[in-house]
Amino acid sequence: MELERRAARARLLAREAPMACEPLLFAAGLYAVQATAAGALDSAHGNRPLSGRLADDGERLDGGARAILQYVAEAAPEPLAEAAAFRRDEPAATARTRLRLYWSEDRSDDGDYLSRAVLRPYVETLRRWGVAPDRLHRKGRCPFCGGSPWIGLRRDGAEMEGARRFLVCALCGGEWGFPRVLCPACFEDAPARLPSYSADTHSAVRIETCETCRRYVKSIDLSEDARPIPEVDDLVTLSMDLWAAKNGFTRIEPGLAGL
């Protein structure tokens with residue numbers, strides 16, 4: 001399962017990158033509990049298929065959601081841990097209403113880290129089974145579930161084509177091709193308005209910004225080394241996100257560290 005593979009990558013990087021050990025170990029634990037939740041949904045799907053309609057499927061997320069919130073309440077820094085503990089103890093009906101609001105009102109830009117974390121196993125299970133979710137699909141978002149991109153990647157393209165650009169969805173974990181010279185947030189396409197920045201210490205990573213909307217996506221080059229898992233390896237270069245924030249840029253969708 002993809003979530004388990006990400007957990008293993010996070011544990012490996014925690015040993016190799018001690019400066020990022022804490023967020024990587026947190027991510028490993030989060031992926032592990034999400035994988036358990038996804039496994040339960042996956043097993044049940046064979047007997048009672050998921051519909052892709054959160055209003056109908058929501059009750060089946062309750063156990064996994066509570067486990068995820070329990071983990072975050074125990075392992076996350078404050079104030080995220082406090083927020084998770086509060087939501088863990090909410091009545092189930094209230095918790096489902098929160099998730100439906102995030103789901104139906106396209107609130108993925110409001111920084112609701114916990115709803116995203118709770119919904120990830122569900123939406124990734126839908127993607128694995130090919131069950132389309134009933135979400136808005138705005139331009140620049142994931143073509144499967146409508147989630148926001150939280151990381152980009154580059155792979156070798158055909159000769160004379162250069163590296164191909166892909167975006168990775170924060171909600172279902174899928175990826176999709178996206179034009180190299182186009183802002184995923186406001187669709188600015190003037191090259192002069194879309195500068196990229198890199199650091200000597202992380203040569204495969206760059207911050208792809210937009211001067212028009214002041215948003216950015218972090219991108220990892222996989223053309224030389226395919227081992228990184230972008231959303232996990234992202235945590236090794238949090239200093240680049242801090243630099244972007246200091247210079248007035250906001251990430252389109254925060255990563256696992258909330259940056």
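The values are calculated or read from the model by the stated rules, or taken from the named source; none is laboratory data. Because the structure is a prediction, the values reported are computed rather than measured. Ideal geometry is used to build each Cβ from the backbone, glycine not excepted, and the neighbour counts take in all protein chains shown. The protein model used for the area step is the full one, side chains on, heavy atoms only, and it has no ligands, DNA or RNA in it. Shrake-Rupley method; radii C 1.70, N 1.55, O 1.52, S 1.80 Å.
For region 133-152, the set of residues classified as hydrophobic (A, V, I, L, M, F, W, C) and either at pLDDT below 95 or within 18 Å of Tyr122 (Cα to Cα) (or both) consists of Leu136, Cys142, Phe144, Cys145, Trp150, listed by residue number. Residue-level check: of (1) open to solvent by 40 Å² or more (accessible area, probe 1.4 Å); (2) touching a strand residue (DSSP E or B) at 6+ places or on another chain (Cβ under 9 Å); (3) farther than 16 Å from Phe166 by Cα, Thr201 misses just (2). Quick check: is even one residue across region 150-166 at positive phi and among the aromatic types (Phe, Trp, Tyr)? No: region 150-166 contains no residue that is at positive phi and among the aromatic types (Phe, Trp, Tyr). Tell me yes or no: at least one residue of region 212-221 is open to solvent by less than 20 Å² (accessible area, probe 1.4 Å), among the aromatic types (Phe, Trp, Tyr) and either in contact with a strand residue (DSSP E or B) (Cβ under 9 Å, 6 or more places away or on another chain) or at pLDDT 95 or above (or both). Checking region 212-221: at least one residue is open to solvent by less than 20 Å² (accessible area, probe 1.4 Å), among the aromatic types (Phe, Trp, Tyr) and either in contact with a strand residue (DSSP E or B) (Cβ under 9 Å, 6 or more places away or on another chain) or at pLDDT 95 or above (or both).
Applying the criterion of at least 1 residues that are more than 27 Å from Gly146 (Cβ to Cβ) and open to solvent by 40 Å² or more (accessible area, probe 1.4 Å) to the helices (runs of 4 or more DSSP H) found wholly in region 20-108 leaves 21-45, 62-75, 80-88.
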